[in-house]
Amino acid sequence: MAANDPDIEKLRPLKKECLLIRFQQVRIPLIIALLQKICLLEHVTAEFEALERIAQNSKGDVRSAINDLQSLGEENHHLSLQDTMMLTSRNKDTSLDETLRRYFSAQSIAETSAMLAFSNIDYDDFLLSVSDNLPKRYPDLTALAKAYNYVSKADLFRGRIGTENWHLLKYFYNDLAHASAVNPHSYKSFTFVTPPIRIITLFWTKGKRTMLDAICGKIGAQCHVSHKTAKHDFVPYIRAMLQKKPKSPLVSWFKFTPEEVDFLIKMGRY
Amino acid sequence: MTIVLNGKGFKLPRVEKEKFVNLIHLGLDYDRNAGLFSIKSYNNIEKVIDTISDILKDDVVFLQSCIRCGKDFSCRGCNYLELCTTKNLPFSCVCSQCLKDRKNFETYLTQF
């Protein structure tokens, strides 16, 4: 089975049973070699530069390179560089990991801007990942402060964009590009923190949050209050009462399960 | 300075247990008899390189293996280095001599 994103929720149970093999982009020399082979077998005389251009435009996509070769060389079985001038570069999405790698190793603001414009990753995930990884990228505190300043401005624009003001996206990209190029020559490779720490924390605390939500639901049903009110105004007092007397009549009145009582007694910060 | 390694087998200085386990988890294999590490899984290859760079305290690049002549060669001097998304990673490729050598190419094709 092939998947663009093996980490999505619906593939998680299947992923446990599978051996994961990551496919990389096919390298340009390998595509040229394949095109040479096809040309030889199909009796097409092609200039090396023409094949080189097709391979470069394909961005590692063998199928598109073969399609281009077929469309250009099928008619007269000859392919020159001039024939390939009409070809344009294929658009290709990049993953979060690859985008981060290219983002942090960029040598100029222009390079980062161009890279971000072609990327199709989630803006919020990318912003969180950038802010988590900045301390690894800039060990120097002055540069780090400067970079965080740009990231905070980018975050501001992300908030203003919301779901409709997409004309502000260029300012979001611009500030992120500035953050990547505070000190371009100081780049040394490092291991990225992905997914963002906030998402990891939410993942790890999901069980606790579900349990607390169920408790708040029971309190809400008995006391006719919202989950939010139950969480903020009731839970601290119920917890204090249960800590003093675990077998309080409250337990049966709220219909708490023994696990919920145990959770309330032991719970710390929420 | 950049350290050039061959993915088929390379030596590393003695590392702590935690780092060794991490390397194995990331997809390296260790031959106890020869004392050589080799790459078993390429799924986390970028992380492997970062970890090895961290151990050797220097930048690390891997040699490529030519699918035509079988030689190991470096990415340095490749015309497509700027466009390559897998540069310096230990994968198969075609060396620049084989790519332009028509005679060698026809010999290679006769193998199939």
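The values are calculated or read from the model by the stated rules, or taken from the named source; none is laboratory data. Computed from a prediction, not measured in an experiment: that's the story for all the values here. Don't worry about glycine lacking a Cβ; one is built from the backbone with ideal geometry, like all the others, and counts go over all protein chains shown.
Here is how the numbers come out for the structure above:
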item	result
Residue in the stretch A:116-129 that is small (Gly, Ala, Ser) and under 18 Å from B:Thr85 (Cα atoms) present	yes
Residue in the stretch A:216-238 that is buried (at least 16 other Cβ atoms within 10 Å of the Cβ), farther than 30 Å from A:Phe126 by Cβ and among the aromatic types (Phe, Trp, Tyr) present	yes
Selection within the stretch A:239-258 - outside any helix (DSSP H, G or I) and surrounded by 10 or more Cβ atoms within 10 Å (Cβ to Cβ)	A:Lys245, A:Pro246, A:Ser248, A:Lys255, A:Phe256, A:Thr257
Any helices (runs of 4 or more DSSP H) falling wholly within the stretch A:126-224 and containing at least 2 residues that are within 19 Å of the chain's Cα centre (by Cα)	A:141-161, A:169-180, A:197-204
When residues of the stretch A:45-78 are limited to those that are surrounded by fewer than 19 Cβ atoms within 10 Å (Cβ to Cβ), more than 34 Å from the chain's Cα centre (by Cα) and farther than 20 Å from B:Cys95 by Cα, the one nearest to the other protein chains (Cβ to nearest Cβ)	A:Thr45
Qualifying residues in the stretch B:64-83 (those that are modelled with pLDDT of 85 or more and buried (at least 18 other Cβ atoms within 10 Å of the Cβ)) - the one nearest to the other protein chains (Cβ to nearest Cβ)	B:Tyr80
Qualifying positions in the stretch A:215-253 - touching a residue at least 24 places away in the same chain (Cβ under 8 Å) and over 24 Å from A:Thr205 (Cα atoms)	A:Gln222, A:Trp253
Any hit, the stretch A:55-77, residues being touching a Phe, Trp or Tyr at 6+ places or on another chain (Cβ under 9 Å) and within 30 Å of B:Ser65 (Cβ to Cβ)	yes
Enumeration of residues in the stretch B:46-62 that are more than 8 Å from chain A (Cβ to nearest Cβ) and either buried (at least 19 other Cβ atoms within 10 Å of the Cβ) or within 27 Å of A:Glu49 (Cβ to Cβ) (or both)	B:Val48, B:Ile52, B:Val60, B:Phe62
